[in-house]
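First the structure, in the form of structure tokens, and then the observations on it.
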Amino acid sequence: MGNKRVLITGAAGFLGSHLCDRFVNEGFAVIAMDNLITGDIKNIEHLFGHRNFEFIEHDVSNYVHVPGALHYILHFASPASPIDYLKIPIQTLKVGSLGTHNLLGLAKDKKATMLIASTSEVYGDPTVHPQPEDYYGNVNPVGPRGVYDEAKRFQEAITMAYHTFHGLDTRIARIFNTYGPRMRLNDGRVLPAFIGQALRGENLTVFGDGTQTRSFCYVDDLIEGIYRLLFSDYVHPVNIGNPAEITIAEFAEEIIKLTGTKQKIIYQPLPKDDPLQRQPKIDKAWEILGWEPQVSRAEGLKITYEYFKSLPPEDLYKKEHNTFEGYIKK
Ligand code: UDP
């Protein structure tokens, strides 16, 4: 695969960095791109110096130029946690819309296959449960999540238009909640929030009454699903997620047990438009890709907890953890 070149955007982020590892290990030449707003160079530092790896610091919302041949583009650049997109709403809209347009143009020019990281957020606060790919969703375009959800919906629409109008080879992965090593401890999402709180000896903050549900997929399973989707010939959206659904209150209990913290659960208001339920229907992924998750939550959480424990203490005590203030890396 040494002659096959893949561009990965959002390469210094959580999913992007794991994709870089996978494609380098498979023998591809990887061009990693990131503007380092929410990504962290530490996530890909170990790949620097590898002969099949190069890094370009660039914001894909601006014109993207990559010299030479390109066979695949994986567009994973985007703020991805609710507090990120509340803090940087315009960048969130731009990377999903303008960024996707730039990369589709590049893919067309290079005759590359383009895979986009879409999301379960295209279903909004779903009224159909679990969510199949043919459910059109329930999104509030002007709510706080609208900047992410609508950018991703536009991203799917323009990707499909490039496929039908220009004949571009495209893939659409709808990614559900994913967790694992390299999540940002301070990104505000529920898993790093709870583990960070447990490690600091703080109470765990459950939003709302904790009856809202999520379904968490371990990162290795997710990467395998993306890999299989890219090398399939399926152009319609495919859900990639773990159907093991749990309420957030139960999830907090699991983290309390896992970490052995003596702290308690405290309840805080539910953020606006926070989906009440979420669970992927993954029949399609199974039929088309022969894919289903392999890693149980118990196994995945253990590995993830070990990762967070191994971080330097200053990461844990960054002032901006789990708040809306100043948490974006400068
Ligand atoms: N949540 C919570 N406490 C926290 C952070 C998040 O109860 O400290 C809840 C949040 O309200 C949501 C769920 O956990 O119902 C998952 O939130 P997350 O931000 O991880 O991602 P989402 O699935 O909402 O995009």
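How many residues, within segment 224-252, are of a type in the set (F, W, Y) and under 16 Å from the mean Cα position of the chain (by Cα)? Break it down stepwise before answering.
Start the filter on segment 224-252 by keeping residues that are of a type in the set (F, W, Y), which leaves 227, 231, 234, 251.
If we keep only those that are under 16 Å from the mean Cα position of the chain (by Cα) too, we end up with 227.
Here the count works out to 1.
Mind checking which residues of segment 249-292 are away from the ligand (no atom under 13 Å from the Cβ), open to solvent by less than 70 Å² (accessible area, probe 1.4 Å), within 30 Å of S232 (Cβ to Cβ) and not in a helix (DSSP H, G or I)?
Matches in segment 249-292: I282, G290, W291.
Are there helices (runs of 4 or more DSSP H) fully within segment 28-142 with at least 1 residues that are within 16 Å of the chain's Cα centre (by Cα), aliphatic (A, V, I, L, M) and at pLDDT 95 or above? List them.
Numbers: elements: 82-87, 89-96, 98-110.
Where helices (runs of 4 or more DSSP H) fall fully within segment 28-142 and carry at least 1 residues being within 16 Å of the chain's Cα centre (by Cα), aliphatic (A, V, I, L, M) and at pLDDT 95 or above, they are 89-96.
Of the numbered conditions (1) out of contact with any Ser or Thr (no Cβ under 8 Å at 6 or more places or on another chain); (2) acidic (D, E); (3) more than 11 Å from the ligand (Cβ to nearest atom), E245 fails exactly one; give the number of that condition.
With respect to (1) out of contact with any Ser or Thr (no Cβ under 8 Å at 6 or more places or on another chain); (2) acidic (D, E); (3) more than 11 Å from the ligand (Cβ to nearest atom), E245 is out only on (1).
Mind counting the residues in segment 163-180 that are surrounded by fewer than 20 Cβ atoms within 10 Å (Cβ to Cβ), of a type outside the set (D, E) and touching a residue at least 40 places away in the same chain (Cβ under 8 Å)? So that I can check it myself, show each step before the final result.
To start, the set of residues in segment 163-180 that are surrounded by fewer than 20 Cβ atoms within 10 Å (Cβ to Cβ) comprises 163-167, 169, 177.
Still in the list and also of a type outside the set (D, E): 163-167, 177.
Filter once more, so that each one left must be touching a residue at least 40 places away in the same chain (Cβ under 8 Å): 163, 166, 177.
Going through segment 163-180 one residue at a time, the tally reaches 3.
All but one of (1) open to solvent by less than 10 Å² (accessible area, probe 1.4 Å); (2) more than 22 Å from D109 (Cβ to Cβ) hold for F23; which doesn't?
The number of the failed condition is (2).
Six or more apart or on different chains, Cβ atoms under 7 Å: show the pairs whose first residue is in segment 130-146 and closer than 22 Å to E245 by Cα and whose second is among the aliphatic types (A, V, I, L, M) and not in a loop (DSSP other than H, G, I, E, B).
That search, which allows pairs on different chains as well, returns E133/V238; G137/V122.
Quick one: V238 ticks every box in (1) open to solvent by less than 10 Å² (accessible area, probe 1.4 Å); (2) within 9 Å of the ligand (Cβ to nearest atom); (3) assigned to a strand (DSSP E or B) except a single one, so which number is it?
V238 satisfies every listed condition except (2).
Just for segment 186-224: of the residues that are among the charged types (D, E, K, R) and part of a loop (DSSP other than H, G, I, E, B), which one is farthest from T259 (Cα to Cα)? Step through it out loud before you land on a result.
To start, the set of residues in segment 186-224 that are among the charged types (D, E, K, R) comprises 187, 189, 200, 202, 209, 214, 220-221, 224.
Going one step further and asking which of them are part of a loop (DSSP other than H, G, I, E, B), we end up with 187, 189, 202, 209.
On the way: D187: 19, R189: 17, E202: 12, D209: 22 Å.
Taking the candidates together, the pick is D209.
The values are calculated or read from the model by the stated rules, or taken from the named source; none is laboratory data. As the structure is a prediction and not an experimental result, all values here were calculated from the model. Reconstructed Cβ throughout: ideal geometry from the backbone, glycine too, with neighbour counts over all protein chains shown. Each accessible area value is taken on the protein alone, full model and side chains, heavy atoms only, with ligands, DNA and RNA left out. Shrake-Rupley method; radii C 1.70, N 1.55, O 1.52, S 1.80 Å.
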